[in-house]
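Only one structure is covered here, and it is reproduced in the block below.
Every number here is computed from the coordinates shown, using simple stated rules; none is lab data. Note that the structure is a prediction, hence the values are computed from the model and not measured. We place every Cβ from the backbone using ideal geometry, glycine too, and count neighbours over all the protein chains shown.
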Amino acid sequence: MLRLNKKTSYLYLVAALFLLIFPFVYESRTLLILLTQVFIFAMFAMSYDLLLGYTGIVSFGHAMFFGIGAYTIGIFMKSYEPSFYYLLLAFVVTVLLTGIISFFIGLLTLRLKSHFYAMLTLAFSGLFLVLAEKWRSLTYGNDGFTFRVPDLLKDRTDFYLISLVLMILVFLILRRFIQSPLGRVIQAIRENEQRTESLGFHVLHYKIIASVVSGVIAGVAGMLYSISLRFVNTSVFSIDITLDALLMTIIGGVGTLVGAVIGSGLIEFAHHWLTEMAKVHWIFERWIIFFGIIYILVVMFFPQGIVGTLKNLKFRKNNRQESK
């Protein structure tokens, strides 16, 4: 088992080094922007996987934290000088806002079970969407607004590297989190909540901790998304954002952080490729249909997600070898 972990770590290291040197050996602005989007949504999908895959919580309102991060950086950069100081201040405010809001929402809703919790999170997300639409003096409503960014983030290569490093940090932090004693309790809650509670653990406290960590990371991902576009509008609060995270997590493999990264890459590249194909033939203008077909095929051939299915195949292979 240790040897497998070492091999996996080496594989991750090689992939990270390849992505770090990629912009210096292959000059393609389009691909650079696309990969940056993959890194950003990978962070968002990993934050969602912490809820769904490791804690067993289904949320339909995860976009609220993503949107809070997106609007916080946009408002700061538009209202004040686009400097590193205000960027750092926006980051701190995002962490505080998402942490506090996820704490109170978790306190109010995590006592509920299954679909009741999911629907309440959707309602809270809808409240933030309405707030962003109506508070036009601050958010400019559905029209949104553009803003400037610090000089450090203007260069696409620099922003690519920053997004990649942040994605790697989020991956390492979450992996350490789920392997900690606290993370083991959270996974026990997912497997059997009643038994975990009977062992003396206060289940609600652990669920709230997972919700806060997940919300903060989603807010940081929203900040990066807004910076990449240098524009923000109410679409960052839409349920489509949450559904994207859900699809990325399911396709990559629920309960596997690297699956969220792979899922985000597949969805972003499939979306880009199908959109480009619309220029070739009119039938691809209905790209969402083909996107749905791809999703169905992945679920059929990889029922536990890509990473989950591969792990099962590896496990079965090892069992056969041991039985011989």
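The separation of region 201-256 from region 148-169, counted between C-alpha centres, amounts to 20 Å. Over region 46-141, the hull volume per residue, using the convex hull of the C-alpha atoms, is 93 Å³.
Can you tell me the relative contact order of region 28-260? Whole percent, Cα pairs under 8 Å, sequence separation 6 or more. Mind dumping the intermediate values first?
Values: 357 pairs, mean separation 103.7, N = 233.
Computed over region 28-260, the figure is 45 percent.
Among Ala70, Ala245, Ala16, the residue with the largest mean-square fluctuation in a Gaussian network model of the chain, with springs joining Cα atoms closer than 10 Å, is Ala16.
Modelled spin-label separation between Phe104 and Asp143, with each label point placed 7 Å from Cα along the Cα-to-Cβ direction: 3.0 nm.
Dipole check for the chain: with +1 at the C-beta of Lys and Arg, -1 at the C-beta of Asp and Glu, and the Cα centre as origin, the magnitude is about 1080 Debye.
Under the 0.36 nm per residue contour assumption, what length would be gained going from the current alpha-carbon distance of Ala123 and Leu169 to full extension? Numbers along the way, then the final one.
On the way: separation 46, 0.36 × 46 = 16.56 nm, distance 3.14 nm.
Residue separation times 0.36 nm, minus the Cα-Cα distance, leaves 13.4 nm.
Between Tyr140 and any residue 5 or more places off or on another chain, the built amide H atoms are never under 5 Å apart. Between Ile306, Ile100, Ile262, the Gaussian network model of the chain with springs among Cα atoms under 10 angstrom shows the greatest mean-square fluctuation at Ile100. Of the peptides 35-48, 86-99, 216-229, the ranking by mean beta-carbon count within 10 Å, highest at the top, reads 35-48, 216-229, 86-99.
If you take the alpha carbon atoms of region 28-260 and fit the smallest convex hull around them, that volume is 112 Å³ per residue. In this label model, Arg111 and Tyr10 are separated by 5.3 nm, measuring between points 7 Å along each Cα→Cβ vector.
Mean-square fluctuations from a GNM of the chain, with a 10 angstrom spring cutoff on Cα atoms, peak among Ser264, Ser83, Ser28 at Ser28.
Mind checking the alpha-carbon convex hull of region 201-247 and giving the volume per residue in Å³? Before the final figure, lay out the partial values.
Details: hull volume 4.0 nm³, N = 47.
Cα convex hull per residue, to the nearest whole number: 84 Å³.
Report the trypsin sites (Lys or Arg not before Pro) located in region 46-127 that are in a DSSP loop and have at most 14 other Cβ atoms inside 10 Å of their Cβ, or state none.
Arg111, Lys113
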